[in-house]
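Reviewing the structure listed below.
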Amino acid sequence: MFNNIVDKNKKGVLFTVWTGSTDNLTNHSPKNYMFNDKVFILDEITSDNCAYLIGDLTTYVLAEENQGKHLIIIINSPGGQVDVMMTIIGLINMAKLNNITVMTFVLGIAASAASMIAIQGDERYISRISKHFVHFGCIWDVTTKHSEIEKMYHQNKQYSESMIELYLEACNGKLSREKLLSLQSDERGYLLADECLKYGLCDTIIETDLIQRKLAENKAEEEYAEFEAYKKEKLKAERQAKLKLKNKAKKSKRK
């Protein structure tokens, strides 16, 4: 079972805490899966690992009753297949069209395809010790025909340009094309949390004191809600008591 920690200012779920219960947890794929409004990408992004996840996510984003809700994506993945990544990004865009707020959390590493998924969130978080790996992937084929080699070259170029546009759009001008290409050409192009924030790959770094503050705010919010409920019940009881006295006085006058 999961408990949500709420962001008081944005009125949205900020953290999810595992409480130890496995009730209602799907066992279709122990690697990448969905539980209620939470997506967990914890291994390679492949068609096998994500088959049930994609089905569950499609059902969630298309459901009319989920409009205005949140979709939380937890990421710790080395990346994977481009076509599966594009399917998940497509579903994220569909969620946004359905007025679902997408929140991504990098807790470990978001490499290659996982990085591209992580940057698609409306609200993007990364833990202090986590990182992105900017890498556009590889296209493999075996051929000896000149025409096919040339076609592969053009397809690879188009694909790379699409990946560049995804990053530049998501980073809102904080990451230049030149810097992105230099990171992509470096096979050790890891970006730590501070660099991710600097270049626009995330919006917030999750700090220990931030977590404690959010926990305190969540507790205060719950206590305030309880107090408000108590006040309403008290006012209701007082009104009912006054109404009883009034009705009793009316009956006495009639006698």
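The values are calculated or read from the model by the stated rules, or taken from the named source; none is laboratory data. Please read these numbers as outputs of a predicted model, since none were measured by experiment. Note that we place each Cβ from the backbone using ideal geometry, even for glycine, and neighbour counts take in every protein chain shown.
See the values below:
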read-out: Selected residue (only one of Ile72, Ile92 is outside any helix (DSSP H, G or I) and of a type outside the set (D, E, K, R)); value: Ile72
read-out: Residues satisfying the stated conditions in the stretch 101-134, i.e. within 23 Å of Asp83 (Cα to Cα) and not in a strand (DSSP E or B); value: Ser112, Ala113, Ala114, Ser115, Met116, Ile117, Ala118, Ile119, Gln120, Gly121, Asp122, Val134
read-out: Close pairs from the stretch 39-50: first of a type outside the set (A, V, I, L, M), partner in a helix (DSSP H, G or I), Cβ under 6 Å, at least 6 apart; value: Asp43/Asn49; Ser47/Val84; Cys50/Val84
read-out: Some residue of the stretch 206-227 being closer than 26 Å to Met116 by Cα and at pLDDT 75 or above; value: yes
read-out: Failed item, numbered, when Leu175 is tested on (1) part of a helix (DSSP H, G or I); (2) modelled with pLDDT of 80 or more; value: (1)
read-out: Looking only at the stretch 111-136, and only at residues there that are touching a Pro at 6+ places or on another chain (Cβ under 9 Å) and free of Cβ contacts under 8 Å to residues at least 60 places away in the same chain, the one that is nearest to Met163 (Cα to Cα); value: Ser112
